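The values are calculated or read from the model by the stated rules, or taken from the named source; none is laboratory data. As the structure is a prediction and not an experimental result, all values here were calculated from the model. Cβ atoms come from the backbone with ideal geometry, glycine included; neighbour counts cover every protein chain shown. For the accessible areas, the whole protein counts, side chains as well, though only heavy atoms, and no ligand, DNA or RNA atoms are used. Shrake-Rupley method; radii C 1.70, N 1.55, O 1.52, S 1.80 Å.
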Amino acid sequence: MAYTEGDLKKDLENKEYEFGFVTDIESDKAPNGLNESIVRFISEKKNEPDWLLDYRLKAFKIWSNMIEPEWAHVKYEKPKFQDISYYSAPKQKKELANLDEVDPELRKTMDKLGISMEEQKRLSGVAVDFVMDSVSVATSFKEKLGELGIIFCSFSEAVQNHPELVKKYMGSVVPATDNFYAALNAAVFSDGSFCYIPKGVSCPMELSTYFRINDSGTGQFERTLVVADKGSYVSYLEGCTAPQRDENQLHAAVVELIALDDAEIKYSTVQNWYPGDKQGKGGVFNFVTKRGLCHERSKISWTQVETGSAVTWKYPSCILKGDNAVGEFYSVAVTNNHQQADTGTKMIHIGKNTKSTIISKGISAGFSQNSYRGLVRIGKGADKARNFSQCDSLLMTDRCGAHTFPYIECENSTAQIEHEATTSKIGEDQIFYCLQRGISEEKAISLIVNGYAKEVLNQLPMEFAVEAQKLLEISLEGSVG
Amino acid sequence: MNKNIINIKGLKCEIEGKEILKGIDLQINKGEIHAIMGPNGSGKSTLSSVLAGKDEYEVTSGSVDYLGKDLLDLSPEERSWEGVFLAFQYPVEIPGVSNVNFLRTALNERNKYKRLDPVSAKNFLAMVKEKSALVGLDNKLKNRSVNEGFSGGEKKRNEIFQMAMLEPTLSILDETDSGLDIDALRIVSNGVNQLKSNENATLVITHYQRLLDYIVPDFVHVLYDGKIVRTGGKELALELEEKGYDWIKEELAV
């Protein structure tokens, strides 16, 4: 019997979000709601020093006086901040000496996510930090990295073992006063990853963090802090998934990158939080502040493949403070069904001869709304600064939307700024051409979309490029109309 | 043994309620080259689209038997896997997808359908080398995005290169000569002739007799107003060239 469109539809509905499983493990959870005592509770749970508790309490005060921003091109019901639990940890009885002691249920979760630690160790030489709900569960490869003086551990461990580094850099790029969600994060962040690359060291493997929201009714507020000391190099990747749930889950993370003189940080994200169902019910609110600070001759490169989340609000940015610093932003953002994304970047040129590149590829399908929002600011002292921006939008249906909001502020007449933008619709004749050559519709869409997003996908480390391509395929199945 | 590749009987089709093909009968056997000629708007390109399975056309009656299968019952990709190839009049550009990646995907999808192993990188590259020589396709075009920034002639050569790679049983060339200068015409025709065997067949759709100097047909059919109104040998093409299509129109009006 021929495989009909109806069959295809059924198949798609069944395989929609393959990471929608819930791991059945006991968790240690704070009561819902947010107040000063919850902040103290979290800090105490984590056995934190006084300076960090003070930092949190200050942030909480700042947040209490802030209003949730509404300027983004997204519509959603605001989270009820008193209905969320701000701390949820998988229950574990004792400190873990090595990976073999991780809870078997948790290990299963990791396996399902395709990050079997052994595999990763053996095949790709990727060091992984795994953050489930709020707590970092396992960090592989620590010893080997330690020989080079590289610190790669959970944020909590860093607070205990390297307080001087954390104290010096935390909040130096994204202060608690920065915005509503950054302030919230500063008050209640639970864990995250910390990475320090010493002077002149080139990190020999990809460092990777895997985030997962598991418990219901919890928010995830992790912090990532990456410090690349002078002349060092690191490539860092984060991946995210969450189980399928009817309510909206809040994810408000903060990522800070610091590239000292001549250092280079490559930060790649494959974001696949649960996007909600076909009707737009449920899904993750992804309100994230990511920013990097570049000192002289340093380089920060953001690459993101965004396919998940019900609402995304995210602008990985670079402050090009030092002369000759380079900032790059490569992004593919896919929205399907009722997803909404307002994403882009800020390139702040302060130093002389600073250079930035922005390549943004939006893909909208279903009834989704996909916006690019970007700022290029050339300061007074940024002589001969250069920026190139390219923002392309691809529409898959006639019910979705693509929007571009580019802002340019230039205070220096020696600067060069270029901006290119295109909008196109996936062509029926392109698909028919592929069909005639024996390439099925699903494969054809994936081929065309991957071709469209190639400049960005090429920036990803090899192993993740493959994962990203698969994700694009899954996110867009059956979406042409 | 059955020599028949395709047998079209009483094929009628319409688009948005307008009838374009008004009863086509055509039989093509192994080893044959057929040419379909006709004035603009006679339904030539519609016929090729219907055979390839483009869904904007609705077949209202008639049947198409292809190697014992009901062609109209197969999806466009199944037709391709079964060996039907259409060289497009206007080949489509697919930015960011390299020509070789595109072809490798096509070959592997077909192999999957036929329950064969995927083609190995080594065999694939050997095949690319051999087949591209056939149409003199520039080496750098093979790694460029499908048809993106190709000249008109390069696009047509690329169609024949793809045809060579996919080794179809029935090739339909839809106005492959349009937009070709005389040198390109010679190269493209030469490629088509070399791909001809006793096991496959070619249907050439064209406006002008010129192409048929290079690809010599066994049969020439004149399509006019959705019907084949005349069939003959290659001399029919010459007669058309000399007298124009008005001659047929007048004769039919009588």
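Each label point was placed 7 Å from the Cα along the Cα-to-Cβ direction; for B:Tyr113 and A:Asp54 their separation is 7.2 nm. Heavy-atom accessible area with a 1.4 Å probe sorts A:Tyr55, A:Tyr452, largest first, into A:Tyr55, A:Tyr452. If you look at the Cα atoms of the range A:325-381, you get an Rg and a Dmax of 14.3, 45 Å. When the surface is traced with a 1.4 Å probe over the full set of protein chains, A:Thr404 keeps roughly 60 Å² accessible.
With the convex hull drawn over the C-alpha atoms of the range B:1-77, the volume per residue is 95 Å³. Principal axis extents of the C-alpha atoms in chain B (largest first, rounded to whole Å): 61, 40, 39.
Accessible area ranking (1.4 Å probe, heavy atoms, ligands and nucleic acids excluded), largest first, for B:Tyr224, A:Tyr267: B:Tyr224, A:Tyr267.
Of the residues making up the range A:423-450, those losing 40 Å² or more of accessible area when the isolated chain is joined by the remaining protein chains, with a 1.4 Å probe, are A:Gln430, A:Phe432, A:Tyr433, A:Leu435, A:Gln436, A:Arg437, A:Gly438, A:Ile439, A:Lys443, A:Leu447. The value obtained for the range B:1-147, namely the Cα convex hull volume divided by the number of residues, is 157 Å³ per residue. Scaled against the 2.2 N^0.38 Å expected of a compact globular protein of N residues, the Cα radius of gyration of the range A:305-348 reads 1.42. Quick one: P(r) of the range B:204-254 from all Cα-Cα pairs, 10 Å bins, percents rounded to integers, in order of increasing distance. For the range B:204-254, the pair-distance distribution reads 24, 60, 15, 1. Note on the range A:280-340: the C-alpha convex hull projects to 4.0 nm² when averaged across all orientations.
Within the shell of other residues whose beta carbon sits under 13 angstrom from the beta carbon of B:Ile248, the net charge comes to -3, with Lys and Arg scored +1 and Asp and Glu -1. With the convex hull of its Cα atoms as the shape, the range B:96-176 has an orientation-averaged projected area of 5.6 nm². Rg and Dmax of the range A:309-403, based on Cα coordinates, read 15.1, 46 Å. Which part of the range B:31-64 falls in the paramagnetic zone of B:Lys243, meaning amide N under 16 Å from the point 7 Å along Cα-to-beta-carbon? So the set is B:37-39. Projecting the Cα positions of A:Asn387, A:Gly438, A:Pro406 onto the charge dipole of the range A:383-464 (unit charges on Cβ atoms of Lys, Arg, Asp and Glu, taken about the Cα centre) puts A:Gly438 furthest along the positive direction.
Expressed as a whole percent, the proportion of Cα-Cα pairs in the range B:103-254 lying more than 29 Å apart is 29%. Taking all protein chains together and a 1.4 Å probe, the residues A:Met205, A:Met462 rank A:Met462, A:Met205 from largest to smallest accessible area.
The portion of the accessible surface of the protein assembly as shown made up by carbon and sulfur, rounded to a whole percent, is 48 (1.4 Å probe; DNA, RNA and ligands excluded).
Along its first, second and third principal axes, ordered by size, the range B:56-122 spans 45, 31, 15 Å in Cα coordinates. Taken over the alpha carbons of the protein assembly as shown as equal point scatterers, the Debye sum produces base-10 log I(q)/I(0) values at 0.05 Å⁻¹ of -0.33. For chain B, the longest principal axis of the Cα atoms and the long axis of helix B:121-134 meet at an angle of about 40 degrees.
Dipole magnitude for the protein assembly as shown: about 1320 debye, using +1 per Lys or Arg Cβ and -1 per Asp or Glu Cβ, origin at the Cα centre. In this view, the solvent-accessible surface of B:Asp213, computed with a 1.4 Å probe and all protein chains in place, comes to about 90 Å². Across the range A:371-481, the fraction of Cα-Cα pairs farther apart than 16 Å, rounded to a whole number, is 69%.
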